[in-house]
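Data block below; observations after.
Laboratory data are not the source of any read-out in this text; all were calculated from the coordinates shown. Predicted model only: the values in this text are computed from it and were never measured. Cβ coordinates were reconstructed from backbone atoms using ideal geometry, including for glycine residues, and neighbour counts include every protein chain displayed.
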Amino acid sequence: MTDPVNLNRARKAKARADKKLRADENSTKFGRTKAERARDRAENEKRAALLRQSKLE
C-alpha cells in the first residue's frame, strides 16, 4: 500500500512552485539588482549636479 497524500498540501505546494517559477521568469525579464539601481541613481545625481554647476545665472 502507498502512503495517503494530503491533497490540500499537494495543491498548495504546486501553487507555490508555479508562483516561484513565474517570479523567477519576471525577475530575469524585468528585474535589476539593487546595486544596478543604486549605480544608475548615483550617475543621474552626478549628471544633475554637473548640470546645476554649469548653469549661467
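Taking the stated definitions as given, is Arg52 out of contact with any Cys (no Cβ under 8 Å at 6 or more places or on another chain), surrounded by 10 or more Cβ atoms within 10 Å (Cβ to Cβ) and among the charged types (D, E, K, R)? Steps first, please.
Numbers: out of contact with any Cys (no Cβ under 8 Å at 6 or more places or on another chain): yes; surrounded by 10 or more Cβ atoms within 10 Å (Cβ to Cβ): no; among the charged types (D, E, K, R): yes.
For Arg52, the condition - out of contact with any Cys (no Cβ under 8 Å at 6 or more places or on another chain), surrounded by 10 or more Cβ atoms within 10 Å (Cβ to Cβ) and among the charged types (D, E, K, R) - is not met.
If you go through the stretch 23-49 and keep only what is under 12 Å from the mean Cα position of the chain (by Cα) and surrounded by 10 or more Cβ atoms within 10 Å (Cβ to Cβ), you end up with Ala23, Asp24, Glu25, Asn26, Ser27, Gly31, Arg32, Glu36, Arg37. The set of residues in the stretch 11-57 that are in a helix (DSSP H, G or I) and polar (S, T, N, Q) comprises Asn26, Ser27, Thr28, Asn44, Gln53.
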